[in-house]
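Bear in mind these aren't lab numbers, they're just calculated from the coordinates by the rules spelled out. Bear in mind that the values here come from a model prediction, so they are computed numbers and not experimental data. Glycine also receives a Cβ, built like all others from the backbone with ideal geometry; neighbour counts cover every protein chain displayed.
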Amino acid sequence: MTLQELKSQFPAAPEYLTQIFLIERDHGIVPNARLADRLEVSRPAVSQAVGRLKKLGLVDQDRYGAIGLTQEGRTVAENVVKRHFLIEHVLVGILKYPWDKSDVEAETLQASLSDELTSFLVKKLGDPQTCPHGNPMPGSAIEKAYLEAPSLEDAGVGTEIKIIRITEEGEMTDGMLSFCQENGIGPGRKVTVVEQKPGKGMLCEIEGQELLIPSVFSANLRWKAV
């Protein structure tokens, strides 16, 4: 089944499958409640959608309620995620579209990419291993390491680090991408932890300037040692 055929049967299917995949690879299990929160829909709406996806052979659900992808469902989800990331690279890297707005636009455009154009973009863009926000491509060589990278909140005072990823949750957290865009926080940025402020966030030094990164944002930044 092609992506277009799937959308004709159930327009919301790609988004559901994508979010199931992304939640699963970050958290291991996908309960209805977490999926509802991620998609900002009601739990009954999720239950109804999962029922439709089960009939299409794209998901299953265990006795405890955790949602899982079938092999076909996983293939669809990975393809959608790859298209999404590639479009973001075109928007940000080539068109210089605002970095904090690319995610929303990519979501609108991702279903329109053909397999041929997707393969072309992979080559044209040099086979990127992450999206512009640092989230790893499905199946990439760095996927495991990036998913297991520690949170900024786990960095010790005085530690110099390099930001490598803004999590998917971070991309969906109100104001986070705008905050990061305005303050130059993104993959490749070197940061020194100055002080941990419980309940407030992380005071960091970035290019000689101190910046308090709120807890709701710092929890969704991942890093590696410099």
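Among L152, L212, L17, which one shows the biggest mean-square fluctuation in a GNM of the chain, springs joining Cα atoms closer than 10 Å? Among L152, L212, L17, the largest GNM mean-square fluctuation belongs to L212. Taking the longest Cα principal axis of the chain as reference, the axis of helix 71-89 is set at about 50 degrees. Rounded to the nearest 10 degrees, the inclination of helix 43-55 to the longest alpha-carbon principal axis of the chain is 50 degrees.
Here the calculated FRET efficiency for A33 and E160, from their Cβ-Cβ distance with R0 = 30 Å, stands at 0.20, rounded to the nearest 0.05. Taking Cα atoms only, the orientation of helix 13-27 departs from the longest principal axis of the chain by about 50 degrees.
Here K197 and A225 are evaluated by their C-beta separation; at R0 = 22 Å the FRET efficiency comes out at 0.50.
The Cα center of the stretch 61-98 and the Cα center of the stretch 30-49 differ in position by 17 Å.
Taking each residue as 0.36 nm, the span from E205 to E153 lengthens on full extension beyond its C-alpha to C-alpha distance by 17.3 nm.
Approximating the spin labels as points 7 Å out from Cα along Cα→Cβ, the S47-to-L95 distance works out to 4.0 nm.
For the chain, modelled as a Gaussian network with Cα springs under 10 Å, which listed residue fluctuates most, I94, I29, I166? Judging by the Gaussian network model, the answer is I94. Taking each residue as 0.36 nm, the span from V216 to M172 lengthens on full extension beyond its C-alpha to C-alpha distance by 14.7 nm.
With a cut-off of 18 Å, note down the residues of the stretch 148-167 whose backbone N falls inside the zone around a label point 7 Å from the Cα of K190 toward its beta carbon. Residues 156-165 fall inside that zone.
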